[in-house]
Ligand code: URA
């Protein structure tokens, strides 16, 4: 709204300060720490997840739990990039109780801050992690099974969605299949970024 626009931040640090000890939606009541996001302000690639989980809520950092460790391996061992050279954030910045899906009012309150982050970073590619972030960024009829691995545009930026690492961890019987599809999606992103693709990640 106008009030927020007038104070629009110039840097990620300004934005984080402006978000502050946020109580704009009801998620503040259940959170330990707000998880703003982290990484390079010059990142060529931004990962967008759904929202903080338990370990993220405790540490204030995105993707540091088991799913986060898998994401870090994808970035470092798979893509050959450093985690600190990309940027990692979420659709909502506070953990929903019991990791439930974020609700409409929560997303609507928080997503303008994600948009500001993306406007400041202006990455070459956005990688959406999972169904929820896909739906919130790409629209109500986004289907992760059908629409992962396809290029879309979000805020004038090429964006591709893949399975959330937590989904792979929840489906050990499909691990090889799911990892194969994620690796295919990641190679698609690497090719878009002009990065060299090694034989197996
Ligand atoms: N899952 C997410 O979607 N985001 C995190 O930061 C951690 C786990």
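None of the figures in this text is laboratory data; all of them are computed from the coordinates on show. Predicted model only: the values in this text are computed from it and were never measured. Neighbour counts are summed over all protein chains in view; Cβ atoms, including those assigned to glycine, are modelled from backbone coordinates with ideal geometry.
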Quiz item: Restricting attention to the stretch 77-100, which residues are surrounded by 15 or more Cβ atoms within 10 Å (Cβ to Cβ), under 14 Å from residue 39 (Cβ atoms) and touching a helix residue (DSSP H, G or I) at 6+ places or on another chain (Cβ under 7 Å)?
Solution: 79, 81, 83, 86, 87, 89
Practice problem: Starting from residues that are closer than 22 Å to residue 150 by Cβ and outside any helix (DSSP H, G or I), keep the ones in the stretch 90-116 and report whichever is farthest from the chain's Cα centre (by Cα). | Solution: 91
Quiz item: If a residue has to be in a helix (DSSP H, G or I) and buried (at least 20 other Cβ atoms within 10 Å of the Cβ) to count, how many in the stretch 157-167 make the cut?
Solution: 2
Practice problem: Spot the failing condition for residue 119; the list is (1) surrounded by fewer than 21 Cβ atoms within 10 Å (Cβ to Cβ); (2) more than 16 Å from the ligand (Cβ to nearest atom); (3) not in a helix (DSSP H, G or I), and only one is missed. | Solution: (3)
Quiz item: Can you pull out the residues in the stretch 45-64 that are part of a loop (DSSP other than H, G, I, E, B) and within 14 Å of the chain's Cα centre (by Cα)?
Solution: 50, 51, 52, 53, 61, 62, 63, 64
Exercise. Only residues that are crowded, with 21+ Cβ neighbours inside 10 Å and either free of Cβ contacts under 8 Å to residues at least 12 places away in the same chain or within 10 Å of the ligand (Cβ to nearest atom) (or both): list them for the stretch 23-56, please.
Key: 35, 37, 47, 48, 49, 50, 51, 52, 53, 56
